[in-house]
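Inspection log for the structure reproduced underneath, given as structure tokens.
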Amino acid sequence: MAEETKKPSLLDPAILAKIVPLGLRAQRVMEGAISGLHRSPLHGVSVEFADYREYAPGDDLKRLDWRAYARSDRFYIKRYEEDNNLRGTILLDASQSMGYGRRGMTKYQYAATLAASLAMLCVKQRDAVGLAIFDDAERHFLRPVATQLQLRKIIDVLETTKPQRTSDLGPVLHKISEQIKGRGLVVIISDLLLDLDVFYRHLGRLQHDGHEILIFHILDSDEIELPFESSVLFKDIEGAEEIFAEPWAFRRLYKEAMEKFITEVSQRCRGGGVDYLLLKTSDDLGYAMSHYLHGRQQRTGGGQRSSGGVT
Amino acid sequence: MPFLSPIFLSLTTLASVPIIIHLLNRRRFIRIDWAPMKYLKLTIKTNRQRLRIEQLILLAIRTLAVLLLMIAIARPVLSANSLNWLTGHGRTSRIIVIDDSLSMAYQTDHRSAFEGAHEVLTEIAGKIGSQDSVTALLTSDMQRPIVREVHLQDTTKLLGEFNRLSVTDVRSDWPATFKAIDGYLAAATFPTKEVTIITDFRKNGWGDAVKEIADRWAVAGVKLRIVDVGSKATANVSLAGFDLEDPLVLPGDAAKLRAAIRNDTPAAITGAQCVLTIGDQSRSILLPDLPPGQVTEVPLTVSAQKPGQFPLSLTLPADQLSNDNVRWLTMNVRSAIDVQLVDGLPSSEPFEGATDFLNLAFSIGAQPWRIDKRSDQDWSIAPLQAADVMVLADVASLSPQRIAAVERMVSDGMGLMIFAGEQVDPVLYNQRLYRNGQGLLPVPLDKAIDSTATGLVVEQLDQSALSGLTKLVPAALARIKPRRFMGVDLPAHAENVRVLARWNDAPGHPAVIEKRFGKGRVIFWTVTANKEWSDWPIDPTYVLAVRSTATSIARADRQQDNLTVGQPIQFVMDEGQSATQATVTLPGHDTPDLATIDKPAQGPPIIRATQSSRAGAYTLNWKDSAGLARQHLFCVSPDSSESDLTPLPESELLGMLDHLHPDIVHYRPGQSVLAAGGRELWRSIAWTVFGLLMVETVMAVWVGRER
């Protein structure tokens, strides 16, 4: 009862109602994993040998296959199929740009709701879920744990966090990649209004580390459509710069630029095997997530994963 | 650049309105904390400069449109030549002609055009350089310039002279004015000549006769500038006529007058009163309704109990042009009418002669008839005496010399009555008196006819000598039954001939026939003046008929007493008389001016006064050969054509002046005539504003497009 009275507001029943059925179907897959019916594609210490890979500095010497060394005079690491639950880490951008929102929710609120919903879904699937809040640095980090208490912690962090400072995802990704043990699912929720070159570089490293990456690109409709009719004094939300402009005078060019930005991000991500989903704060989150998870379910139904990387 | 309504120039400050709106719009903005600044800057940077230039151009167009609109309202004038109008061309002979005709008194907003002319002259005089020679003239008296060929070191003299002048009652006569100007131009000192005419631009008085002079001026390089100081208004009520219907008035007679009132206003005038003045006595007369655009004739009667000259005047209520609301008339009340009876059948027996009944008819009662009765024999050898009416009754023989003398007298105004009779030889009369229509006799005579007529039928004619008979009952005229009358061959078309009465028989033979001959009239009676052919002479209607006829055709006064403004006042004295100390008393003046006495080598002396430029009563005074003081009254009225205020179309004037290409300046009170000397630009500016608004509309859409 106490938990019910403290039920976080970020967990919108309408959203959850739309994604829980899909979550249940996914859960069935994951339950199989838990029971050993389905193997995790992640490689680690297990009873069943998977394959070899060349030794790299830093690898655990306990996994070195001396027999293979004796045969080939090369160092190989033995890899085993690991029976493990999903370890998801949600990286949520809490920079000041995420605080934008003229009507309804701000981007941060939208992103936080999405994060809470995903965390709820993972916990429901008994998957470990963690959370990293970042702006220009990592502000909060919760290691992936598959407990209800973890969900409470995540929601508390989401609710107490206020968007501020600039965003710099590069160092954060670098740090996160070090903090996440083993391979897992990394969910990045951001407006991606940052240095994309740095972002792509660090995203590649995450992929290189074997993480599956899922990007939720959160934007406000205003930021795409530039719908203002009157004169506007645009103030940089993360800086001090101000620009006075008549939006009608460059709306088409702006929309083209934003479209190009979104298309480029989408192509770079998808081309690199990263799941990408653009969400506008005006979109119905439950419907959008339901649609996405359904598609994801279809794509991952055969257990296939992209082996490419982000370049 | 000069402006016709410079007061509106202050409105040009409204041109700042678009700038103010622009600045206010820049203050009306929303502030947004924006995240994708990178993409915003990226897109703004590419077209921000161009957008700013476009907006500045748009703002400039809007500001310029408002500015030009306000300038157009202030009515700018392109006056490239106005600045050097009075100062350029080196030394110049300038002739300034001021129209002081009657219409210049027309008032608009309590200001007359003549006052406008004064303002224009003041401005022009102040601008003329002292190196130029100036001649200033009035159209009413072109022979006596206000100043002639003077160098205006000081304009006080010219303006002082002009201040003493007022508008006259003369009519405009621009061909005569141009001719007079031409004379002054011929005598001008400097080769560069400029003429400035200040007028009210009325159509009356202009004519193609100016074209020949204007063409000559164009060849000679004379510059002409016409300053229009008149208004476009034409509403006016005028007294177009005021005349005596009776040519001769006797003491106690009710003299018939006729006034013609022209209402050139858009509305009918009802209940108006005019004032009729006889000498020092006045009386008000209620006028009939005066319909708009029409001339209404008003009959009036006056009488005087003693002979003499009486000035009459009729005055309408004042309006914008009051000078044409009054007319004057000299009424000469004669003491007697001189009648000369020439009897072709003289007899010592009572009423056996041809003129005995006529003598009786003129002699009974107290009417002042002076009868000179002679036999045809005596008359034919005696010197011909002047008479008001001459009667030839059954005169058998007339010498050609005597007929010629009578013709001269009739032509000069004497009335002539010719009665038929047994002695009248139709062949001789036709030969000497009819002369194929050129003589005194109205119609050729045929032969005497025995009559079956049962009365007299009087024709209803205007100004008929027998008009007195038309008032009688028909039974009275039915008593007139001729036994015989002279048949005539009435021509189908005879000029100046009309039948006044016919016998009441089947063919309707003419009984009384009239012919106008020069200034006089001839009445031919187809019956005898005695009882030989009818018993009419013993009927009471006979007295009325002959008296009415004699009064109608009697000679009016020899002197031309009623004049139109501008006509010379002159009194022709009788032969053998002389005059000294002649003076003329002008209307409204107590002190007389000197008049001249012309003594031509042949003919009687003539007393002349100065030209009559103002309407009113003029009195000539002189002393005759016996040293007795004599005087004669003349009444002068305005020319009714001057009451036609139709404006002169500029195109029509340019057509008359053709090659001269005059500068035409439409002056309005309160403006500078120099400023008004050019071409008004408001239409061009209005089109420019319209074009700018079109450009602004297109550009606003183009600049405001989404990009």
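Since every read-out is calculated from the coordinates, none of them should be taken as a lab result. Worth saying up front: this structure is predicted, and the values here are computed from it rather than measured. Note that each Cβ is placed from the backbone with ideal geometry, even for glycine, and that neighbours are counted across all protein chains shown.
Numbers at a glance
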read-out	value
Charged-residue dipole, Cβ positions (Lys, Arg, Asp, Glu), the protein assembly as shown about Cα centre, Debye nearest 20	5360 debye
222 nm mean residue ellipticity, helices alone, for the protein assembly as shown (DSSP H n ≥ 4; -39,500 (n - 2.57); rounded to 500)	-9500 deg cm²/dmol
Stretch gain in nm, segment A:GLU242-A:GLN164, where the contour uses 0.36 nm per residue and the Cα spacing is subtracted	26.3 nm
Region B:109-139-region B:408-470 distance, computed between alpha-carbon centres (Å)	62 Å
Simple Cβ-charge dipole of chain B, Lys/Arg +1 and Asp/Glu -1, about Cα centre, in debye nearest 20	4400 debye
Residue-span extension gain [B:GLN602 to B:LEU628] - 0.36 nm each, minus C-alpha spacing	6.9 nm
For B:ALA448, residues with placed amide H under 5 Å, excluding near neighbours	B:GLY487
Extension gain, B:ARG498 back to B:ASP462 (0.36 nm per residue minus Cα-Cα distance, nm)	11.9 nm
Inter-centroid distance (Cα atoms) of region B:272-316 relative to region A:118-190, Å	120 Å
Given charges at beta-carbon only (K, R positive; D, E negative), |dipole| of region B:337-553 in Debye	460 debye
Nearby lysines by direct alpha-carbon distance to A:LYS78 (threshold 25 angstrom, same-chain neighbours under 8 apart not counted)	A:LYS62, A:LYS181
Set B:LYS193/B:LYS599; A:LYS235/A:LYS260; B:LYS306/B:LYS519; A:LYS280/B:LYS41; A:LYS153/A:LYS260; A:LYS124/A:LYS280 screened for pairs whose C-alpha atoms are more than 32 Å apart	B:LYS193/B:LYS599; A:LYS153/A:LYS260
HN-Hα J in Hz across region B:171-180 - Karplus 6.51, -1.76, 1.60, θ = phi - 60°, x for Gly and Pro	8, 6, 9, 5, x, 5, 5, 4, 5, 5
Set of region B:349-386 residues, backbone N closer than 13 Å to the point 7 Å along the Cα-Cβ line of B:GLN577	none
All aspartates and glutamates inside 12 Å of A:LYS255 as judged from Cα atoms, apart from same-chain residues fewer than 8 positions distant	A:ASP222, A:GLU223, A:GLU225, B:GLU706
For A:GLY184, distant residues with modelled amide H under 5 Å away	A:HIS211, A:GLU212
Subset of B:LYS127/B:LYS179; B:LYS179/B:LYS211; B:LYS127/B:LYS157 violating a 21 Å alpha-carbon distance limit	B:LYS127/B:LYS179
HN-Hα J in Hz across region B:227-236 - Karplus 6.51, -1.76, 1.60, θ = phi - 60°, x for Gly and Pro	9, 8, 10, x, 10, 7, 5, 10, 4, 6
Percent antiparallel among DSSP beta bridges (both partners in region B:337-553, rounded to 5)	45 percent
Farthest toward positive dipole pole in the protein assembly as shown [+1 Lys/Arg, -1 Asp/Glu at C-beta], among B:TYR618, B:ILE95, B:LEU660	B:LEU660
Estimated vicinal HN-Hα couplings, Hz - region A:109-115 in sequence order (Karplus 6.51, -1.76, 1.60; Gly, Pro = x)	4, 5, 5, 5, 4, 5, 5
Beta bridge orientation in region B:562-637: antiparallel %, DSSP, nearest 5	90 percent
Farthest toward positive dipole pole in region B:337-553 [+1 Lys/Arg, -1 Asp/Glu at C-beta], among B:VAL458, B:PHE351, B:THR526	B:VAL458
Square roots of five times the Cα gyration tensor eigenvalues for region B:562-637, Å	21, 14, 9
Positive-end extreme of charge dipole, chain B - chosen from B:VAL302, B:THR189, B:ALA255 (charges on Cβ)	B:THR189
B:GLN560 versus B:PHE190: modelled label distance in nm, points set 7 Å from Cα along the beta carbon direction	4.2 nm
Other-chain or far-sequence residues with amide H under 5 Å of B:LEU441's (modelled H)	B:TYR434
Centroid-to-centroid separation of region B:30-52 and region B:157-174 [C-alpha atoms, Å]	77 Å
